[in-house]
Amino acid sequence: MGYTKYCTEYTKYTIFNKLTRNYHHKIGEVIQVDWSGLTMNITNSYTDESIKAYLFVAALPFSQYSYVEATLDMKQDTRFKCHIHMWEFFGGVARRTMCDILKTGVISHPREGDIILNNEYEALGMHYTTAIMPTGVRKPKGKAAVEGVVGNISTFLQLL
């Protein structure tokens, strides 16, 4: 069997059997970030007013060390502040910051070709010397560590 035929058949086999690849992460190589799907409610104890809070979540894949921050919105400035607070919390910046494809940061993510970040997000990455790398569309396995943390937070919030 030739190499091309082997690769084709092996690809079919892995798709049919739903096999996945096991990633071996290096220490401090990647930080994965995401917004949690579920929201929290913050209640003002003086006025009993309830405000919706969104959760910014980050994880280091090698150690599963995590960072969570509650915010009042998911706007671009808030996202940038969360990134800065996250890097301060971890005590440094990883070479790559893997994020999801939010309109506040990613202009274009074609299947082939260059990913286009908005100018502010790209400038933030350049200032902190990290490569901002959005994952593929509907590819949660691309940032599985942070998705696991989001799942744990969602489970905890449902128990409250």
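Near Lys143, which aspartates and glutamates are there with a Cα under 12 Å away, not counting those fewer than 8 places off in the same chain? Reachable aspartates and glutamates: Asp34, Asp100. Straightening the chain between Tyr6 and Asn118 buys 36.2 nm, computed as 0.36 nm per residue apart minus the Cα-Cα spacing. Evaluating 6.51 cos²θ - 1.76 cosθ + 1.60 at θ = phi - 60° for every residue in the range 29-42, the Karplus couplings come out as 7, 9, 10, 10, 10, 6, 9, 6, x, 7, 10, 10, 10, 9 Hz, glycine and proline recorded as x. Helix content alone sets the calculated 222 nm mean residue ellipticity of the chain: runs of n ≥ 4 DSSP H residues at -39500 (n - 2.57) each, divided across all residues, give -11000 deg cm²/dmol. Per residue, the solvent-accessible area of the chain (1.4 Å probe, heavy atoms of protein chains only, all protein chains present) comes to 69 Å².
Per-atom-type breakdown for the chain gives carbon and sulfur 55% of the accessible area (1.4 Å probe, protein chains only). Remark: spin-label model distance Leu38-Thr71 equals 2.1 nm, labels positioned 7 Å along the Cα→Cβ axis. For the range 77-93, 3J(HN,Hα) computed residue by residue from phi via the Karplus equation (6.51, -1.76, 1.60; θ = phi - 60°) reads 4, 5, 4, 5, 4, 5, 4, 5, 4, 4, 5, 5, 4, 6, x, x, 10 Hz, glycine and proline entered as x. Multiplying the residue separation of Arg96 and Ala144 by 0.36 nm and removing their Cα-Cα distance gives an extension gain of 15.8 nm. Model label points for Gln158 and Thr47, set 7 angstrom from Cα along the Cα-to-Cβ axis, are 3.3 nm apart.
Between Tyr13 and Ile84, the contour length at 0.36 nm per residue exceeds the Cα-Cα span by 21.3 nm. Here the range 32-117 was treated as a single set of alpha-carbon atoms; its pair distances binned every 10 Å from 0 give 15, 41, 31, 10, 2, 0 percent.
Quick check: from the Cα gyration tensor, does the range 64-107 come out rounded (a/c under 1.5), prolate or oblate? Oblate is the answer for the range 64-107, as a/c is 1.5 or above yet b/c matches or exceeds a/b.
Phi angles across the range 6-20 convert, under the Karplus curve 6.51 cos²θ - 1.76 cosθ + 1.60 with θ = phi - 60°, into 3J(HN,Hα) values of 4, 4, 5, 5, 5, 4, 4, 4, 5, 5, 4, 8, 6, 7, 10 Hz, Gly and Pro given as x. Under conditions of 20 °C and 1.002 mPa s, the chain yields 122 µm² s⁻¹ as its translational diffusion coefficient, taking Rh as the Kirkwood radius over Cα pairs in the Stokes-Einstein equation.
The values are calculated or read from the model by the stated rules, or taken from the named source; none is laboratory data. Because the structure is a prediction, the values reported are computed rather than measured. Cβ coordinates were reconstructed from backbone atoms using ideal geometry, including for glycine residues, and neighbour counts include every protein chain displayed. All accessible areas refer to the heavy atoms of the entire protein, side chains included, with ligands and DNA or RNA removed. Shrake-Rupley method; radii C 1.70, N 1.55, O 1.52, S 1.80 Å.
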